[in-house]
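The values are calculated or read from the model by the stated rules, or taken from the named source; none is laboratory data. As the structure is a prediction and not an experimental result, all values here were calculated from the model. Positions of Cβ are generated from backbone atoms using ideal geometry, with glycine treated the same way; all protein chains shown enter the neighbour counts.
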Amino acid sequence: MTNPHGSPDAPTGPRVLVIGATGYVGSRLVPRLLADGAEVSVLARTPARLDDVPWRDQVSIHEGGLGDEAALSAALAGVDVACHLVHSMGHSTDFEKEERETTEAFVRAVEAAGVGRIVHLSGLHPEDETDLSTHLRSRVEVGRIMLASSVPALVIQAGVVIGSGSASFEMIRHLTTRLPGMVTPKWVSNRIQPIAVRDVVHYFAAATTVPLDGDLADGRVIDVGAPDVLTYGQMMQIYAEEAGLHRRLMVPV
């Protein structure tokens, strides 16, 4: 942000640390927070991945991951809001154990630093938790650890995030574009509630400043999603229609 004389405006919002700023949602959240007047810092395992982002010179960058408690503590110093948008899937042979341990360390560091709130991005899931995937089960446990903290936590649960570059959306686009007919696994019939990435960013940014009173005083889970509940198969057919492709043949097994 700049004033009419071309010099940077002083931040008017909270001091926010974003953990996961190189990720799909995090890289879109940072410029939104800056536009809203927040003073933003980021914790990145590989800061060089931020060298080419347009907002690079508007944030403070701390090097380190959630497993580096010294780096985490330094990054949290003086922070009002800690935004947590990372998970260990793909980085660990036992990501459930790693997520549990790094989340517990994160909560300890947040409490010690006197941070005012946690905002965490989790996964939307059915109320019946007996048949969750390993990934969703770990996401639920991470949210519970944060909600048990003495620091109020707003755990935002989103389903499939729709937007160019989103892993789930790109999978749908790739399969639909490449395969006019496909033998599909049974998960194409799973019901999901997609949401546009811009809406996820909107809710997440709002969660950094919403007054923590009433039923938000001690933190809570907040489910977000668009009005439509669809199956993956329906989403692929909708994509095919929007892309001008013939209706796809699917044979579930």
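Brief remarks on what is shown
- Only listed residue being at positive phi, exposed (fewer than 15 other Cβ atoms within 10 Å of the Cβ), at pLDDT 90 or above and assigned by TED's automatic domain parsing to the domain that holds Lys97, chosen from Gly78, Gly64: Gly78
- Residue within the range 68-80 that is over 15 Å from Ile19 (Cβ atoms) and assigned to a strand (DSSP E or B) present: no
- All told, Thr93 meets the bar of being at pLDDT below 95, out of contact with any Asp or Glu (no Cβ under 6 Å at 6 or more places or on another chain) and either under 30 Å from Pro227 (Cβ atoms) or part of a loop (DSSP other than H, G, I, E, B) (or both).
- Test for Ser41: is it polar (S, T, N, Q), buried (at least 16 other Cβ atoms within 10 Å of the Cβ) and closer than 28 Å to Ile195 by Cβ: yes
- Residue in the range 97-115 that is at pLDDT 95 or above and not in a helix (DSSP H, G or I) present: yes
- Subset of the range 208-253 (residues that are farther than 24 Å from Ala167 by Cα and either in a helix (DSSP H, G or I) or touching a residue at least 60 places away in the same chain (Cβ under 8 Å) (or both)): Thr208, Thr209, Leu212, Gly214, Asp215, Leu216, Ala217, Asp218, Gly219, Arg220
- Filter result for the condition that a residue is crowded, with 16+ Cβ neighbours inside 10 Å and farther than 24 Å from Ala158 by Cα, over Leu72, Leu29: Leu72
- Residues located in the range 151-197, provided they are among the aliphatic types (A, V, I, L, M), surrounded by 13 or more Cβ atoms within 10 Å (Cβ to Cβ) and assigned to a strand (DSSP E or B): Ala153, Leu154, Val155, Ile156, Ala158, Val161, Ile162, Met182, Ile192, Ile195, Ala196
- Scanning the range 14-43 for residues that are in a helix (DSSP H, G or I) and of a type in the set (D, E, K, R) returns Arg28, Arg32.
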